[in-house]
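One structure is given below, encoded as structure tokens.
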Amino acid sequence: MTVILMLLAGLGWLLYAALRLRKSVHMLQLNSYRNDRFHTWNKQHLGKTAAVREWLPFLFVVPLLFGWEDGSLIVLVVIYAALILLRDKSKEKKKLAYTNRVKRLLATLALLALILGAAGYILAVYGFYCGLALLPLVTLLPFVLVTAANTVNHPIETAIINSYLNDARRIIGSMNNLQVIGITGSYGKTSVKHFLNTVLSQHYSVLMTPESFNTPMGVTRTVRGQLRPTHEIFIAEMGAKQAGDIRELCELAQPKYGIITSIGPQHLESFKTLDNVQKTKYELPEALPEDGIAFLNADDENVMSYRPSLRCRKVTFGYRNEAADYRATDVSVSSKGTAFMVTTPQGETAGIETVLLGEHNITNILACIAVGCELGVPLAKLSKSVKKIKPVQHRLELKKSGPITIIDDSFNSNPVGSKAALAVLKQMEGKRILITPGMIELGEQEYELNKAFGTYAAQACDYVILVGPKQTAPIREGLKEAGYPDSQYTAVRTFTEAMQHLNQISEPGSVVLLENDLPDNYNE
């Protein structure tokens, strides 16, 4: 009987440990496999990761106090069965990607967990039943084991990554006629990447990094998997969360041209100050060769106020700054999109029409026109190419959902983009509804920036649905300070609840702005 109970208890523990460890690996992946960020996340969510129910398996010691060893095993069987049946079954927004790195991590993790489990059972077999405490320790603190496995695998992962990076450098270096364009910025870089790809693809063979592949490994995967000798232009999006990140990407991609779309208070948890953001973004133009060109957003004060020492030529674009080399004038917005006139440094002009909404997209398109002209594409052809630009998925993307219009701006959110999105919503006819969890990774300024977002929302929305009561507390304060009626906003726990509430308060002709959608590691 004891052997059967031990097998059942072991099986229950294995299944539940696998579920807990997988969840923890998922969070590690969402935190970029960085132990420091993973540790911070676990500290912030300790109430969930080490919830009261996770302590229940330790009740196995109660029968031991009365000398009933089999009873301790029965307790483990029952509790693990209950925990498995009652586990969190909520749908993940972004599922765990079973990359080769994750598979290696899971193998190491399984080995560590089995060693602990086996140690507990061996102690129990030799009469030390308290050794079974090693089993619930694994399910109570899976993040400790995941951190250990990630640390053990670190030298292997570093060696593998370096081999991939060196191979990507070799491939790029061997293509003498390839022109690489790097794009960075606190916001707008993904949109500009897609727009530029559309415009230049009408005249050149172009490859861009897909989705949000803006890290060294993202660029490397693109180069090793997709870059061909026939490509004439490679557009590489370059993201950064700390100083030196852009420099590392430049050493890899070897860009000749660089675009800075914007500089603002993004990722301040790691950057700490706006000055550090400026220095890091300018690592791109500072890395360009003498015959290269740095394209800078003249409408962005944080871009223009920095005074770097550049070897390359500087070209500016904008529609508010009259000193910009490439300027937009006569801007008009309608239900069909946006139209404006563009003027080049040589005085040449052309009418531009686009289905895109938002003032920031005028600047984004100007960046593409500036690059196209400097690469030798006639302005008249660029004007036609711009008409082919489509909204990037989840970035001010207009959709219809029955009688309701959706403005999907859920990919990400930042102080500039969120304000621009609210400006678009304000122009719309019908009941204007905002659904948002607010903005993140803004460091010490996060509360005040979200509060300001609430103030802007009060001026643009007829109803506000806040996702995450704790996360959106500053937005609520901003709404209240602006005198927004309590009856016109509510806070819910999840996006699913938000959509259910939307069904109750919307009406035909309503316009709904989805501003940001946080990943699973930000669930409250």
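The residue list Phe195, Phe128, Phe213 contains one member that is within 22 Å of the chain's Cα centre (by Cα) and open to solvent by 30 Å² or more (accessible area, probe 1.4 Å), which is Phe213. Taking each residue of the stretch 497-520 that is in contact (Cβ under 8 Å) with a residue 12 or more places away in the chain and open to solvent by less than 60 Å² (accessible area, probe 1.4 Å) and looking for partners that are of a type in the set (Asp, Glu) and in a loop (DSSP other than H, G, I, E, B) with beta-carbon atoms closer than 7 Å, six or more apart or interchain, yields Asp520/Glu92. The residues on offer are Asn150, Asn100, and the sole one that is at pLDDT below 95 and among the polar types (S, T, N, Q) is Asn100.
Tyr456 passes every criterion in (1) more than 27 Å from Ala328 (Cβ to Cβ); (2) in a helix (DSSP H, G or I) apart from (1).
Sub-6 Å Cβ pairs linking a first residue in the stretch 415-429 that is under 16 Å from Gly185 (Cα atoms) to a second residue that is among the aliphatic types (A, V, I, L, M), at least 6 apart or interchain, are Pro415/Leu449, ordered by first then second residue. Within the stretch 22-53, the set of residues being farther than 22 Å from Val102 by Cβ, in a helix (DSSP H, G or I) and open to solvent by less than 80 Å² (accessible area, probe 1.4 Å) comprises Gly47 only.
With respect to Ile156, is the statement that it is over 26 Å from Lys94 (Cβ atoms) and of a type in the set (A, V, I, L, M, F, W, C) true? Criteria not met by Ile156. Among the residues of the stretch 464-481, the ones that are open to solvent by less than 50 Å² (accessible area, probe 1.4 Å) and out of contact with any strand residue (DSSP E or B) (no Cβ under 8 Å at 6 or more places or on another chain) come to 4 in all. Give the residues of the stretch 81-92 that are of a type in the set (Lys, Arg) and open to solvent by less than 100 Å² (accessible area, probe 1.4 Å), sorted by residue number. Matches in the stretch 81-92: Arg87 only.
What do you reckon, is Tyr187 among the aromatic types (Phe, Trp, Tyr) and either in contact with a Gly (Cβ under 6 Å, 6 or more places away or on another chain) or at pLDDT below 95 (or both)? Criteria met by Tyr187. Among residues of the stretch 268-288 that are within 18 Å of Leu252 (Cβ to Cβ) and open to solvent by 10 Å² or more (accessible area, probe 1.4 Å), those with a beta-carbon under 9 Å from a residue that is among the basic types (Lys, Arg) and assigned to a helix (DSSP H, G or I) at least six positions away or on a different chain give the pairs Glu283/Arg247; Glu286/Arg247; Ala287/Arg247.
The residue of the stretch 427-444 that is modelled with the lowest pLDDT, among those that are in a loop (DSSP other than H, G, I, E, B) and open to solvent by less than 50 Å² (accessible area, probe 1.4 Å), is Glu441. The set of residues from the stretch 137-155 being in contact with a helix residue (DSSP H, G or I) (Cβ under 7 Å, 6 or more places away or on another chain), of a type in the set (A, V, I, L, M, F, W, C) and in contact (Cβ under 8 Å) with a residue 40 or more places away in the chain comprises Val138, Leu140, Phe143, Leu145, Val146, Ala149, Val152. Just one residue in the set Leu59, Leu11, Leu7, Leu19 is touching a residue at least 24 places away in the same chain (Cβ under 8 Å) and either assigned to a helix (DSSP H, G or I) or open to solvent by 30 Å² or more (accessible area, probe 1.4 Å) (or both); that residue is Leu19. Ala240 falls short on exactly one of the conditions (1) of a type outside the set (D, E, K, R); (2) under 26 Å from Lys272 (Cα atoms); (3) open to solvent by 30 Å² or more (accessible area, probe 1.4 Å); (4) in contact with a Ser or Thr (Cβ under 7 Å, 6 or more places away or on another chain), and that condition is (3). Taking the stretch 389-408, which residues are of a type in the set (Asp, Glu) and open to solvent by 20 Å² or more (accessible area, probe 1.4 Å)? Scanning the stretch 389-408 gives a single hit, Glu397. Filtering the stretch 245-274 to residues that are modelled with pLDDT of 95 or more and aliphatic (A, V, I, L, M) leaves Ile246, Leu249, Leu252, Ala253, Ile259, Ile260. Exactly one residue out of Ala133, Ala113, Ala81 is closer than 16 Å to Trp55 by Cα, at pLDDT 90 or above and among the small types (Gly, Ala, Ser): that is Ala81.
The values are calculated or read from the model by the stated rules, or taken from the named source; none is laboratory data. The structure displayed is predicted, hence computed values, not measured ones. Here the Cβ is made from the backbone with ideal geometry for all residues, glycine too, and neighbour counts use every protein chain on show. In case anyone asks, the SASA skips ligands and DNA or RNA and just uses the protein heavy atoms, side chains included. Shrake-Rupley method; radii C 1.70, N 1.55, O 1.52, S 1.80 Å.
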